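The values are calculated or read from the model by the stated rules, or taken from the named source; none is laboratory data. This structure is a prediction, so every number in the text was calculated from the model and none was measured. Glycine also receives a Cβ, built like all others from the backbone with ideal geometry; neighbour counts cover every protein chain displayed.
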Amino acid sequence: MTLSDFPAMVDTLWLDIHLATLADQTPYGIIEKGAMAVENGRIVWLGSIETLPADALTKARSVNRLDNAWVTPGLIDCHTHLVHAGNRAREFEMRLNGATYEEIARGGGGIISTVTAVRNALEADLYEQSAGRLKAMLAEGVTAVEIKSGYGLDTENELKMLRVARQLGREFPITVMATFLGAHALPPEYTGRPDAYIDLVVDEMIPAVAAKGLATAVDAFCERIAFTPAQTERVFTAARQHGLRVKLHAEQLSDSNGASLAARFGALSADHLEHLSATGAAAMAAAGTVAVLLPGAFYFLKETCKPPVDLLRGQGIPMALSTDCNPGTSPTTSPLLMMNMACVNFGLTPAEALAGFTVNAARALDMQDQWGILEVGKQADFAVWDIEEPAELAYRMGGNPCRMTVKGGEIVSRLSSTAPG
Ligand code: DI6
Ligand code: FE
């Protein structure tokens, strides 16, 4: 970057900041004592304060001084079931009082209890309940989120969920990427007829979702307790026919060869991966499929088999992290808590954890062209943190040091620090 690169006029000059750009392989891509200029919602200059032209202040319509706060790319939560109704706290309590998952499921609980709640919810109620969760994410620095359907399990209710996701994207200063997850679980009316349900997903739901432009990707749950690789393949084939990208809940509870299947379809990501094999990892590496790790579900299910992080590192597979925000296995809206869990339980470094919610999450959503790092030309979506060093983001267990969230150069959320001194 040369001095002449500073534009004639910028909307906002951000000063007295440290930057964790995530733009290079050094941990965090740090620029201490930096500055950043934004014009028309995009980053037009960033660098060390020493390289800022002396007349830059006169070229800025406004100046924001942040007294040495840290700035990171806006966080991207790339795997959520954020749109849902009700909660499963009662089930959580029953399990802790000795009931088994099967007993709960037979009593109409488990994932089907959320399906029932979503089917019974008016669209406006579903929106309101989901908006509360999105608001919490916004306050923690999130500027983009992926939201899946998958609790409707009939055409009408799957479309209802996706419309709510779209409305959230319109009402909130957050980029929403919607994913169709019709093949999440078998709805009760199809008990014993999973292939007939897949017919419905393939012949009716995917064409409807694509025609209405309600999702950019299709996901499925490939697992002993959900859908087989053959059924998943039918879903992916239909997705491809309708120009939709694919991703997969793969090897969460067992190795079903889901990651290899996903890679064969050029999947954006394979998610969970606790039981990923070396063969699956090699297929992902060859296909450029991102590994999305979900430490909240691992924790909440008291899983003991960890995702093979060394294998992923060895294969050079980008690791993203996400909340998996859902009422059954990961009732959280906190990326920072997930970063802490990923470090403590999976052995990620704090820098890998931050990359997991920024640069690699952008790759998992195919939005790396404009998002995920701080660089000239990228969207000016960033989070401002009251921390002394970047590792502090993954260090704390709870608390929210996010001073402000900025979307397209505009401050869209402000919070006074609640982090202890
Ligand atoms: N894996 C999960 O962890 C969630 N969905 C999935 O495919 C669980 C969803 C739920 O229990 O409501
Ligand atoms: Fe999930």
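What are the residue pairs meeting all of these: first residue in the range 314-331, first residue in contact (Cβ under 8 Å) with a residue 12 or more places away in the chain and surrounded by 23 or more Cβ atoms within 10 Å (Cβ to Cβ), second residue assigned to a loop (DSSP other than H, G, I, E, B) and hydrophobic (A, V, I, L, M, F, W, C), Cβ atoms under 6 Å, and 6 or more apart or on different chains?
Ala320/Cys78; Leu321/Phe357; Ser322/Cys78; Ser322/Leu294; Asp324/Leu294; Cys325/Leu82
For the condition on the phi > 0 side of the Ramachandran plot and in contact with a helix residue (DSSP H, G or I) (Cβ under 9 Å, 6 or more places away or on another chain), what is the one hit in Gly108, Gly152? Full working, then the answer.
Details: Gly152 fails: on the phi > 0 side of the Ramachandran plot.
The match here is Gly108.
Consider Asn360 carefully, then state whether it is within 13 Å of ligand 2 (Cβ to nearest atom), closer than 23 Å to Thr143 by Cα, buried (at least 24 other Cβ atoms within 10 Å of the Cβ) and polar (S, T, N, Q).
On the way: within 13 Å of ligand 2 (Cβ to nearest atom): no; closer than 23 Å to Thr143 by Cα: yes; buried (at least 24 other Cβ atoms within 10 Å of the Cβ): yes; polar (S, T, N, Q): yes.
So Asn360 does not fit the description; no.
Starting from residues that are touching a Pro at 6+ places or on another chain (Cβ under 7 Å) and buried (at least 22 other Cβ atoms within 10 Å of the Cβ), keep the ones in the range 142-176 and report whichever is farthest from Leu200 (Cα to Cα).
Within the range 142-176, the first condition is being touching a Pro at 6+ places or on another chain (Cβ under 7 Å), and the residues that meet it are 142, 153-154.
Among the residues that remain, those that are also buried (at least 22 other Cβ atoms within 10 Å of the Cβ) are: 142, 153.
Working: Val142: 35, Leu153: 10 Å.
Filtering first and then ranking leaves Val142.
For every residue, the table says whether it meets (1) within 16 Å of ligand 1 (Cβ to nearest atom); (2) closer than 30 Å to Ala391 by Cβ; (3) surrounded by fewer than 19 Cβ atoms within 10 Å (Cβ to Cβ).
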site	(1), (2), (3)
Phe6	no, no, no
Met9	no, no, yes
Glu32	no, yes, yes
Val63	no, yes, yes
Ala69	no, yes, no
Thr72	no, yes, no
Asp77	yes, yes, no
Ala105	yes, no, yes
Val115	yes, no, no
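Quick check: anything in the range 194-206 at pLDDT 95 or above, surrounded by fewer than 18 Cβ atoms within 10 Å (Cβ to Cβ) and under 30 Å from Gly74 (Cβ atoms)?
Among the residues of the range 194-206, not one is at pLDDT 95 or above, surrounded by fewer than 18 Cβ atoms within 10 Å (Cβ to Cβ) and under 30 Å from Gly74 (Cβ atoms), which makes the answer no.
Inspect the range 110-120 for any residue being of a type in the set (Lys, Arg), part of a helix (DSSP H, G or I), more than 16 Å from ligand 2 (Cβ to nearest atom) and over 30 Å from Leu354 (Cα atoms) and give the result as yes or no. Let's see the steps before the verdict.
Of the residues in the range 110-120, the ones of a type in the set (Lys, Arg) are 119.
With the extra rule that they be part of a helix (DSSP H, G or I), the set shrinks to 119.
Within this subset, residues satisfying the condition of being more than 16 Å from ligand 2 (Cβ to nearest atom) are 119.
Filter once more, keeping what is over 30 Å from Leu354 (Cα atoms): 119.
Yes, some residue in the range 110-120 is of a type in the set (Lys, Arg), part of a helix (DSSP H, G or I), more than 16 Å from ligand 2 (Cβ to nearest atom) and over 30 Å from Leu354 (Cα atoms).
Which of the residues belonging to the range 212-228 are closer than 14 Å to Leu181 by Cα, more than 9 Å from ligand 1 (Cβ to nearest atom) and part of a loop (DSSP other than H, G, I, E, B)?
Listed by number, the residues that qualify are Leu214, Ala215, Thr216.
Say we look at the range 295-328 and pick out the residues that are part of a loop (DSSP other than H, G, I, E, B), of a type outside the set (Asp, Glu) and within 12 Å of ligand 2 (Cβ to nearest atom); which of these is farthest from the chain's Cα centre (by Cα)?
Restricting attention to the range 295-328, the residues satisfying the condition of being part of a loop (DSSP other than H, G, I, E, B) are 301-308, 315-318, 322-325, 327-328.
Still in the list and also of a type outside the set (Asp, Glu): 301-302, 304-308, 315-318, 322-323, 325, 327-328.
Now narrow it down to the ones that are within 12 Å of ligand 2 (Cβ to nearest atom): 301, 322-323, 325, 327-328.
Numbers: Leu301: 20, Ser322: 5, Thr323: 7, Cys325: 9, Pro327: 16, Gly328: 17 Å.
Checking each candidate, the answer is Leu301.
So, of the residues in the range 250-272 that are among the acidic types (Asp, Glu) and within 15 Å of ligand 1 (Cβ to nearest atom), which turns out to be surrounded by the most Cβ atoms within 10 Å (Cβ to Cβ)? Lay out the reasoning, then the answer.
Residues of the range 250-272 that are among the acidic types (Asp, Glu), as a first pass: 251, 255, 271.
Now restrict to residues that are within 15 Å of ligand 1 (Cβ to nearest atom): 251, 271.
Numbers: Glu251: 27, Asp271: 29.
Filtering the range 250-272 for residues that are among the acidic types (Asp, Glu) and within 15 Å of ligand 1 (Cβ to nearest atom), the one surrounded by the most Cβ atoms within 10 Å (Cβ to Cβ) comes out as Asp271.
Check the range 1-24 and report whether any residue there is touching a residue at least 60 places away in the same chain (Cβ under 8 Å), under 30 Å from Pro331 (Cβ atoms), in a loop (DSSP other than H, G, I, E, B) and touching a Leu at 6+ places or on another chain (Cβ under 8 Å).
Our first condition is that a residue be touching a residue at least 60 places away in the same chain (Cβ under 8 Å); within the range 1-24, this holds for 1, 5, 11-12, 17, 19-23.
Among the residues that remain, those that are also under 30 Å from Pro331 (Cβ atoms) are: 20, 22.
Checking which are in a loop (DSSP other than H, G, I, E, B) leaves us with 22.
Imposing the further condition that a residue be touching a Leu at 6+ places or on another chain (Cβ under 8 Å) reduces the set to 22.
Scanning the range 1-24 turns up at least one residue that is touching a residue at least 60 places away in the same chain (Cβ under 8 Å), under 30 Å from Pro331 (Cβ atoms), in a loop (DSSP other than H, G, I, E, B) and touching a Leu at 6+ places or on another chain (Cβ under 8 Å).
Does the range 308-321 include one or more residues that are modelled with pLDDT of 95 or more, charged (D, E, K, R) and assigned by TED's automatic domain parsing to the domain that holds Leu253? Steps first, answer last, please.
Looking only at the range 308-321, we keep the residues that are modelled with pLDDT of 95 or more, and these are 308-321.
Okay, now just the ones that are also charged (D, E, K, R), so 310, 313.
Subsequent filtering for residues that are assigned by TED's automatic domain parsing to the domain that holds Leu253 retains 310, 313.
Yes, some residue in the range 308-321 is modelled with pLDDT of 95 or more, charged (D, E, K, R) and assigned by TED's automatic domain parsing to the domain that holds Leu253.
Would you confirm, using the coordinates I've provided, whether Arg163 is assigned to a helix (DSSP H, G or I), without any contact (Cβ under 8 Å) to a residue 12 or more places away in the chain and not polar (S, T, N, Q)? Show your work before the answer.
Numbers: assigned to a helix (DSSP H, G or I): yes; without any contact (Cβ under 8 Å) to a residue 12 or more places away in the chain: no; not polar (S, T, N, Q): yes.
No, not satisfied.
Among (1) over 27 Å from Val164 (Cβ atoms); (2) away from ligand 1 (no atom under 15 Å from the Cβ), which single condition is His275 missing?
(2)
Condition check ((1) in contact with a Ser or Thr (Cβ under 6 Å, 6 or more places away or on another chain); (2) part of a strand (DSSP E or B); (3) more than 13 Å from Asn326 (Cβ to Cβ)) across all residues:
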residue: Thr58; (1), (2), (3): no, no, yes
residue: Arg61; (1), (2), (3): no, yes, yes
residue: Arg65; (1), (2), (3): no, yes, yes
residue: Val71; (1), (2), (3): no, yes, yes
residue: His81; (1), (2), (3): no, no, no
residue: His84; (1), (2), (3): yes, no, no
residue: Asn87; (1), (2), (3): no, no, no
residue: Arg90; (1), (2), (3): no, no, yes
residue: Met94; (1), (2), (3): no, no, yes
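Which numbered condition in (1) in contact (Cβ under 8 Å) with a residue 24 or more places away in the chain; (2) away from ligand 2 (no atom under 16 Å from the Cβ); (3) of a type in the set (Gly, Ala, Ser) is the only one that Ala211 fails?
Evaluating Ala211 over (1) in contact (Cβ under 8 Å) with a residue 24 or more places away in the chain; (2) away from ligand 2 (no atom under 16 Å from the Cβ); (3) of a type in the set (Gly, Ala, Ser) leaves (1) as the failure.
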